[in-house]
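Since the structure comes first, as structure tokens, the remarks are kept for the end.
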Amino acid sequence: MKTFPFIFNEPKQFLNFLQPKEWADFLLGEINPRFSVTAIKAKVVAVREETADAKTLVLKPNWLWKGFSAGQHVPVTVEIAGRRVTRFYSLSSTPGEKYLSITVKRQSGGLVSNFINQNIKKGDLLELGEVSGGFVLPKTLPSKFLFLAGGSGITPIHSILKQLQSLKYNGKVTLLYFVRSFEDIILRSSLEEIAKATGWLEIRYVFSDVPKDGYDSGFLTKEILQKYTDDLKSYSVYVCGPAPMQTKALSLLEGNEVKSELFMLPGQSSVKVKKTGTVDVFLSLSHKTIQVKGERSLLEELEEQGIYPQSGCRMGICHTCVCKKAAGSVTDLSKDELSELGEENIQICISRAESNLELEL
């Protein structure tokens, strides 16, 4: 008589062995690829070209989607060369619409942004996570808004403007959109439709690279702010764009109520520090020791060696890449501060190795 080779002390252990959710996902996926009991899967129902290097994906999520607030961002997971990769993108649609939208601009060297623009088409499936972010409207709306957008930073602002339209807002809104050229304006037709339909939205494009007659050129200055606002201190200000623009805006708007959404933190791994020698990184869960130079973020240096920890935004916002550091010291690139020696949780996307390390990876 054969004996069953597994012993289960509790029904829960037996259920865990059977993995009912995984089986349910498999069977549901055979019926419809968008069906799942564990993952938010979204079908691409349309792809719109916004500019030469930006596209809007219109998405139909499954029943696990719980909704969002205008201005929030969502983790988007795609599979590239057999590897699951996640990035965060702001939703460019508004909660009242039938479908979701994300607008993705190609980034120089951007793995996911380039993959999406080159490969994703109508009918494809993307996996979404839970939304997050505090770049949202307050419960009580102020009488005047000033929105400062830079490049693809227009996407959450577009969502907020559409939300204001749906709320029948009747105050005053000024949008200063800093972009390289007229051809690089993302979501232009939609922005101008909102302005035409509402009457309260004033849009001013400012071109940094290619001047155009009748428009301002250059970057954010005190003079431009004063030119398009009657009393700057009376505005509630929202800023979304590259770090240099954010830094400039916050210095010019001291004393204003400002909400900001950073796309890249100052000092992040885009700045490479030249060092000599290497440091050892012991990965305790995989029982492996590797050498890194400590010139860029731990996430980037691990990926260079074929090790792909969970990650999301890659800018210290989502905390997907948090892991325990059992020993050693790192520099927190978001603060340019050296960590304590010994045990602590770190975000490897904004941590640079400074000494031999032990990580729970």
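So which residues in the range 111-121 are open to solvent by 20 Å² or more (accessible area, probe 1.4 Å) and under 13 Å from the mean Cα position of the chain (by Cα), if there are any at all? Matches in the range 111-121: none. Residues in the range 45-57 that are touching an Asp or Glu at 6+ places or on another chain (Cβ under 8 Å), open to solvent by 30 Å² or more (accessible area, probe 1.4 Å) and more than 16 Å from residue 112 (Cα to Cα): 1 in all. Annotation: of all residues in the range 171-211 being exposed (fewer than 12 other Cβ atoms within 10 Å of the Cβ) and in contact with a helix residue (DSSP H, G or I) (Cβ under 9 Å, 6 or more places away or on another chain), the one that is farthest from residue 56 (Cα to Cα) is 209. Only a single criterion out of (1) touching a residue at least 40 places away in the same chain (Cβ under 8 Å); (2) outside any strand (DSSP E or B) is not satisfied by residue 113, namely (1). Taking the criterion of being in contact with a strand residue (DSSP E or B) (Cβ under 8 Å, 6 or more places away or on another chain) and modelled with pLDDT of 95 or more, the residues of the range 107-124 that qualify are 115, 116, 117, 120, 121, 122, 123, 124.
The set of residues from the range 129-142 being touching a residue at least 40 places away in the same chain (Cβ under 8 Å), open to solvent by 10 Å² or more (accessible area, probe 1.4 Å) and at negative phi comprises 129, 130, 131, 132, 134, 136, 137, 138, 142. Of the listed requirements (1) under 18 Å from residue 111 (Cβ atoms); (2) surrounded by fewer than 16 Cβ atoms within 10 Å (Cβ to Cβ); (3) not polar (S, T, N, Q), residue 327 misses just one: (1). The residues of the range 331-348 that are at pLDDT 90 or above and either basic (Lys, Arg) or in contact with a helix residue (DSSP H, G or I) (Cβ under 7 Å, 6 or more places away or on another chain) (or both) amount to a single one, 348. Here residue 214 fulfils each of the conditions (1) at negative phi; (2) part of a loop (DSSP other than H, G, I, E, B); (3) open to solvent by 50 Å² or more (accessible area, probe 1.4 Å) apart from (1).
The values are calculated or read from the model by the stated rules, or taken from the named source; none is laboratory data. These numbers were taken from a predicted model, which means no experiment stands behind them. Every residue, glycine as well, gets a Cβ built from its backbone with ideal geometry; the counts of neighbours run over all protein chains shown. The protein model used for the area step is the full one, side chains on, heavy atoms only, and it has no ligands, DNA or RNA in it. Shrake-Rupley method; radii C 1.70, N 1.55, O 1.52, S 1.80 Å.
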